[in-house]
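Trainee: Dropping a structure here in structure tokens format, bear with me for questions.
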Amino acid sequence: MNAVYDALETRTPAEREAALLAALPAQVAQAQGRSAAFARILQGVDASSVTSRAALAQLPVTRKGELQALQSQGREAGGDAFGGFTTLAWGAGMPRVFASPGPIYEPEGTARDYWRMARAIFAAGFRPGELIHNCFSYHFVPAGSMMETGAHALGCTVFPGGTGQTEQQVQAMRELQPAGYIGTPSFLRIIVEKAAELGVALPSLKKAMFGGEAFPPSLRDWFMARGIDGFQCYATADLGLIAYETAAREGLVLDEGVIVEIVRPGTGDPVPEGEVGELVVTVLNPDYPLVRFGTGDLSAILPGTCPTGRTNTRIKGWMGRADQTTKIRGMFVHPKQVDTVAKRFPEVLKARLVVSGEMANDVMTLRVEAGSSVAGLAERIGEAVRDVTKLRATVEVLAPGSLPNDGKVIEDARSYQ
């Protein structure tokens, strides 16, 4: 039995990087030429010159809030419901359209395994000829379709269980004997507990692939104690599959159809490998060509490759949210403003704004790592903080490596009791 889904997973890192970067100019050109939104966002960019990660890093990051705002503006103006981000139009080329909270509307194209989920489903242990019980929602959101199309591409049959109706889910599992489950971990736990309450055995249920929620080791162990081997995947409605867990259980391996960067929150600047930052993804999807799309999720690159033989980069998984905008003394302070202050001083390597005190008595402290000690540096940084944020802050100058590697640019340490 094959240990990997296809040969793409075992390419040398150099081969993979060359292939991704070779595809990048065409993807940028597709976005510029076929997507009205990216024609504006990437105006003046020479697509043929975007052949390296350094060149990619010069392009603007588009975040979910901006996508939602442009979609809303387009609909209000009686125009494109997608805000100009898709290259598809109503009809046979777009068999389905979905809505995520916001609302944000996502198109589904006709490509086989459009969301690229088969790779993750295979890594979770599913194989052609098996029955999968799919409990992701089939209504409004694309999750149910994402998993079903991936399962079909793998050669599996799907029972569209959807959400709710726990006793009926147990009955279907008992009678159809699926090889495994796809859905949120919390709902599978509810199903397993209901089956135990009803005295129904589910002996065929041996594996599961989870998404949409955190899957901590304690819950993984809970399932394993009941004979269910669970794996997690990281996917979004905008991008499809981003990364997936393997049998090694050492981080998540990146999908073969995305270019992932880790950037400092609030900016588009890549961070050094291993440092926590925001996941920014360029997806090689001509139908929905999102270039440098900010997920708003924090993660970090893991060193080395997966023990399963997959050679793609690994990330640590979801480590929190990147949007750390905080209201201080009645004014919003954004991570971008902290970055703006830090960039005014070549000595500053890293900065972290800590907000402490009790409500209505906020104390701002900007802690900076500096590569060299310069007289008056703290005072000058304090003046820059007032200039950029209109607020006063105490500045602490620290040695390199003093700040935590957790992706936080703004830490809210206030007491709310």
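Trainee: I need the full set of residues from segment 8-52 which are surrounded by fewer than 16 Cβ atoms within 10 Å (Cβ to Cβ), part of a loop (DSSP other than H, G, I, E, B) and on the phi < 0 side of the Ramachandran plot, in order please.
Mentor: Thr12, Gln43, Asp46, Thr51, Ser52
Trainee: If you don't mind, there's one more thing I want to ask. Identify, by number, the condition in (1) over 30 Å from Val280 (Cα atoms); (2) without any contact (Cβ under 8 Å) to a residue 24 or more places away in the chain that Ala172 doesn't meet.
Mentor: (2)
Trainee: Out of Ala235, Ala214, Ala208, I need the residue that is within 18 Å of the chain's Cα centre (by Cα) and either β-branched (Val, Ile, Thr) or buried (at least 22 other Cβ atoms within 10 Å of the Cβ) (or both). Which one? Working first, answer last.
Mentor: Values: Ala214 fails: either β-branched (Val, Ile, Thr) or buried (at least 22 other Cβ atoms within 10 Å of the Cβ) (or both); Ala208 fails: within 18 Å of the chain's Cα centre (by Cα).
From the options Ala235, Ala214, Ala208, the qualifying one is Ala235.
Trainee: Moving on to the next point. With the structure loaded, tell me whether Gly74 is at pLDDT below 95 and within 30 Å of Phe159 (Cβ to Cβ) or whether it fails that test. Spell out how you get there, then give the answer.
Mentor: Values: at pLDDT below 95: yes; within 30 Å of Phe159 (Cβ to Cβ): no.
In short, no.
Trainee: Moving to a separate point now. Scan (1) touching a residue at least 40 places away in the same chain (Cβ under 8 Å); (2) under 21 Å from Ser145 (Cα atoms) for the single condition Gly266 breaks and write down its number.
Mentor: So the condition that Gly266 fails would be (2).
Trainee: With the structure loaded, tell me whether Glu256 is assigned by TED's automatic domain parsing to the domain that holds Ile182, in contact (Cβ under 8 Å) with a residue 40 or more places away in the chain, crowded, with 19+ Cβ neighbours inside 10 Å and not aromatic (Phe, Trp, Tyr) or whether it fails that test. Outline the logic, then answer.
Mentor: On the way: assigned by TED's automatic domain parsing to the domain that holds Ile182: yes; in contact (Cβ under 8 Å) with a residue 40 or more places away in the chain: yes; crowded, with 19+ Cβ neighbours inside 10 Å: yes; not aromatic (Phe, Trp, Tyr): yes.
So Glu256 fits the description; yes.
Trainee: Here's something else I'd like to know. Could you run through segment 343-377 and say how many residues are crowded, with 17+ Cβ neighbours inside 10 Å and small (Gly, Ala, Ser)?
Mentor: 2
Trainee: If only one of Thr110, Thr157 is among the polar types (S, T, N, Q) and over 21 Å from Asp229 (Cα atoms), which one is it?
Mentor: Going through Thr110, Thr157 in turn, the sole match is Thr110.
Trainee: Mind checking which pairs have a first residue in segment 208-228 that is of a type in the set (Gly, Ala, Ser) and a second that is assigned to a loop (DSSP other than H, G, I, E, B), Cβ under 6 Å, 6 or more apart or different chains?
Mentor: Here the result reads Ala208/Ile228; Gly212/Thr184, each pair linking segment 208-228 to a residue that is assigned to a loop (DSSP other than H, G, I, E, B).
Trainee: Just the residues that are of a type in the set (A, V, I, L, M) and part of a loop (DSSP other than H, G, I, E, B), please, taken from segment 267-298.
Mentor: Val271, Val276, Leu284, Leu290, Val291
Trainee: OK, next. Just a yes or no: is a residue in segment 139-147 over 23 Å from Asp297 (Cβ atoms) and of a type in the set (Val, Ile, Thr)?
Mentor: We begin by selecting, within segment 139-147, every residue over 23 Å from Asp297 (Cβ atoms); these are 139.
Keeping just the survivors that are of a type in the set (Val, Ile, Thr) gives none.
No, every residue in segment 139-147 fails to be over 23 Å from Asp297 (Cβ atoms) and of a type in the set (Val, Ile, Thr).
Trainee: When the residues of segment 175-189 are narrowed to those that are touching a helix residue (DSSP H, G or I) at 6+ places or on another chain (Cβ under 6 Å) and without any contact (Cβ under 8 Å) to a residue 60 or more places away in the chain, which ends up surrounded by the fewest Cβ atoms within 10 Å (Cβ to Cβ)? Working first, answer last.
Mentor: First pass over segment 175-189, keeping only residues touching a helix residue (DSSP H, G or I) at 6+ places or on another chain (Cβ under 6 Å): 181-182, 185.
This time we only want the ones that are without any contact (Cβ under 8 Å) to a residue 60 or more places away in the chain, so: 181, 185.
Working: Tyr181: 29, Pro185: 23.
For segment 175-189, the residue satisfying everything is Pro185.
Trainee: Which one of the conditions (1) in contact with a Cys (Cβ under 9 Å, 6 or more places away or on another chain); (2) closer than 23 Å to Arg34 by Cβ does Glu245 fail to meet, given that it meets all the rest?
Mentor: Of everything listed in (1) in contact with a Cys (Cβ under 9 Å, 6 or more places away or on another chain); (2) closer than 23 Å to Arg34 by Cβ, Glu245 misses just condition (2).
Trainee: Basic (Lys, Arg) and surrounded by fewer than 21 Cβ atoms within 10 Å (Cβ to Cβ): does that describe Arg119? Walk me through how you get there before you give the answer.
Mentor: Details: basic (Lys, Arg): yes; surrounded by fewer than 21 Cβ atoms within 10 Å (Cβ to Cβ): no.
Here the answer is no, as Arg119 does not meet what is asked.
Trainee: Of all residues in segment 300-313, which are closer than 27 Å to Ala26 by Cβ and out of contact with any helix residue (DSSP H, G or I) (no Cβ under 7 Å at 6 or more places or on another chain)?
Mentor: Of all residues in segment 300-313, those closer than 27 Å to Ala26 by Cβ come to 301, 310-313.
Within segment 300-313, Ile301, Thr313 qualify.
Trainee: Those residues that are over 31 Å from the mean Cα position of the chain (by Cα), aliphatic (A, V, I, L, M) and modelled with pLDDT of 90 or more, I need them from segment 386-417; list them, please. Lay out the reasoning, then the answer.
Mentor: Start the filter on segment 386-417 by keeping residues that are over 31 Å from the mean Cα position of the chain (by Cα), which leaves 386-387, 390-399, 417.
Okay, now just the ones that are also aliphatic (A, V, I, L, M), so 391, 393, 395, 397-399.
Ala393, Val395, Val397, Leu398, Ala399, listed by residue number.
Trainee: What residue, of Gly155, Gly125, Gly102, Gly150, is surrounded by fewer than 16 Cβ atoms within 10 Å (Cβ to Cβ) and closer than 23 Å to Thr246 by Cβ?
Mentor: Numbers: Gly125 fails: surrounded by fewer than 16 Cβ atoms within 10 Å (Cβ to Cβ); Gly102 fails: closer than 23 Å to Thr246 by Cβ; Gly150 fails: surrounded by fewer than 16 Cβ atoms within 10 Å (Cβ to Cβ).
Of Gly155, Gly125, Gly102, Gly150, the one residue that is surrounded by fewer than 16 Cβ atoms within 10 Å (Cβ to Cβ) and closer than 23 Å to Thr246 by Cβ is Gly155.
The values are calculated or read from the model by the stated rules, or taken from the named source; none is laboratory data. No experiment lies behind these values; they were computed from the predicted model shown. Every residue, glycine among them, receives a Cβ derived from its backbone with ideal geometry; neighbour counts consider all protein chains shown.
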